[in-house]
Structure formats: C-alpha cells, structure tokens
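Trainee: Here it is, the structure in full.
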Amino acid sequence: MTVLVLGLLIFLGVHSVRIVADPWRTAMRARLGENGWKGVYSLLALAGFALLIWGYGQARQAPLVLWTQPVGMRHLAALLTVFAFIFLAAAYVPRNRIKARLHHPMLLGVKAWALAHLLANGTVADVLLFGSFLAWAVVCFASSRRRDRAAGTVYPPGTASGTVITVVVGLAAWAAFAIWLHGPLIGVRPFG
C-alpha cells in the first residue's frame, strides 16, 4: 500500500501545484523555461503514475475488503463512465457546447470516473485510489473555476455539430475501452 500512496502523492501532487502554489509554479516556469518546466513536470507525473499503477497492482494481490457492493452498482458505474468518456472527449473536440457550458470537462470526467469506480469497488486500495482522484478533481475544478472568474475567461460558444462529434467520440471511446481494452489493460472485464 505504501507504493500506491507514494504514487498518488507524487502524481496528484504534481497536478496540484497550480492549486496550492501558483506563484511558485509561475516562477519555476520562468526559471526553467516552458520546455524545461514541462519536462520536469512530465517526468515527475510519469514516475508518480508508474508508482500508483504498481502499488495498486500490488494491493489487488491481497485486497482488504471494506464492503461488498450490490450488483446494481456495476450498472451505475458503467453509466457514469459513459459520461466520463464524453466529458473527456469534450476537453479535446473543438467547438462543443459541453466545454462551452461546463468549462473544465476533463475534471468532470475524472470525477465521474472516480465516483463510478468507488461505487463498483470496495477495497482499501480502491478507496485510496479512486477517493484520492475524486477529492483532487473536486478541489481542482473549484480552483479552475475561481481562476477563470478572476481572469475573466470566456469560453467560445459551441456548435451542434461539435457537440454531436464530442458525444460520438466519447461513446466510441467508452465502448472500445469497456468492451475490449479494460480487461487486457486493467485485468477486470466490466461486462463479464
């Protein structure tokens, strides 16, 4: 469990610098240059990600079960992950109304993904992993919205075609991951 916690601290810590130390981040970007900052940031994030994957894999070998969830929670989790993938697509597909309205859809996608997995899993490692991501996404979303208000950020309006493309891309990505990739990559087949 120690490796999982260390990975979470590094990965989410790196992704929280703007929340807790934005002036320091700005100074470091100026000192290291844009590429230097991105390089250090990426290396730390990758190291944290590798540690949390390794730690979570270790924890799954001897799970400490906190609760057993009803079967219906898996169905709710599947539905929530559909929204997570659509929100993720909305972060990247240009001119969609989802991003225009919600402003930070990737963070909403992380929230939906983390909540879905908390509902469908009940071990200590699951609570640590998905609970940490959920808490981080809630705080990061609030911080991002505050920064937007302070900066007077205006998001361009979306179009119907951009929104339809976003939903189709999100649904296709969800189907591919849930049906074909989740099992080989994660070791759990959500649909049997």
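Trainee: Please find, among A59, A90, A142, A77, the residue that is touching a strand residue (DSSP E or B) at 6+ places or on another chain (Cβ under 8 Å), more than 23 Å from G7 (Cα to Cα) and of a type in the set (A, V, I, L, M, F, W, C).
Mentor: After ruling out the rest, the residue left standing is A90.
Trainee: Would you mind telling me which numbered condition in (1) surrounded by 16 or more Cβ atoms within 10 Å (Cβ to Cβ); (2) under 25 Å from G170 (Cβ atoms) G72 fails?
Mentor: Every listed condition holds for G72 apart from (1).
Trainee: Looking only at the range 155-172, which residues are crowded, with 16+ Cβ neighbours inside 10 Å and assigned to a helix (DSSP H, G or I)?
Mentor: Answer for the range 155-172, where residues must be crowded, with 16+ Cβ neighbours inside 10 Å and assigned to a helix (DSSP H, G or I): G162, T163, I165, T166, V167, V169, G170.
Trainee: What is the number of the single condition among (1) under 20 Å from G131 (Cβ atoms); (2) modelled with pLDDT of 95 or more; (3) among the charged types (D, E, K, R) that R101 does not meet?
Mentor: (1)
Trainee: I've got another one for you. In this structure, is L102 under 21 Å from V17 (Cβ atoms) and either surrounded by fewer than 18 Cβ atoms within 10 Å (Cβ to Cβ) or not assigned by TED's automatic domain parsing to the domain that holds G13 (or both)?
Mentor: Details: under 21 Å from V17 (Cβ atoms): no; either surrounded by fewer than 18 Cβ atoms within 10 Å (Cβ to Cβ) or not assigned by TED's automatic domain parsing to the domain that holds G13 (or both): yes.
The answer is no for L102.
Trainee: So, one more: Residues V110, V82, V139: which one is under 18 Å from L12 (Cβ atoms), part of a helix (DSSP H, G or I), touching a residue at least 60 places away in the same chain (Cβ under 8 Å) and not polar (S, T, N, Q)?
Mentor: That would be V139, the only listed residue that is under 18 Å from L12 (Cβ atoms), part of a helix (DSSP H, G or I), touching a residue at least 60 places away in the same chain (Cβ under 8 Å) and not polar (S, T, N, Q).
Trainee: Identify, by number, the condition in (1) under 24 Å from L12 (Cβ atoms); (2) in contact with a Phe, Trp or Tyr (Cβ under 6 Å, 6 or more places away or on another chain) that A100 doesn't meet.
Mentor: (1)
Trainee: Also: Would you say A91 is part of a helix (DSSP H, G or I), over 26 Å from G55 (Cβ atoms) and among the hydrophobic types (A, V, I, L, M, F, W, C)?
Mentor: Judged against the criteria, A91 is a match.
Trainee: Select from the range 41-58 the residues that are more than 20 Å from L185 (Cβ to Cβ) and either loosely packed, with under 14 Cβ neighbours inside 10 Å or of a type in the set (S, T, N, Q) (or both) and list them in ascending order.
Mentor: If the condition is that a residue be more than 20 Å from L185 (Cβ to Cβ) and either loosely packed, with under 14 Cβ neighbours inside 10 Å or of a type in the set (S, T, N, Q) (or both), then S42, L43 are the ones that fit.
Trainee: Of G162, G152, G187, G183, which residue is among the small types (G, A, S) and in contact with a strand residue (DSSP E or B) (Cβ under 6 Å, 6 or more places away or on another chain)?
Mentor: G162
Trainee: Still on this structure, please answer the following. Out of curiosity, is A116 among the hydrophobic types (A, V, I, L, M, F, W, C), closer than 26 Å to A142 by Cα, in a helix (DSSP H, G or I) and in contact with a Ser or Thr (Cβ under 6 Å, 6 or more places away or on another chain)?
Mentor: So A116 fits the description; yes.
Trainee: Mind listing whichever residues of the range 104-137 are more than 30 Å from Q61 (Cβ to Cβ) and under 11 Å from the mean Cα position of the chain (by Cα)?
Mentor: As a first pass, look at the range 104-137 and keep what is more than 30 Å from Q61 (Cβ to Cβ): 104-108.
The answer is P105, M106, L107, L108.
The values are calculated or read from the model by the stated rules, or taken from the named source; none is laboratory data. Please read all numbers here as calculations on a predicted model, not as lab measurements. Ideal geometry is used to build each Cβ from the backbone, glycine not excepted, and the neighbour counts take in all protein chains shown.
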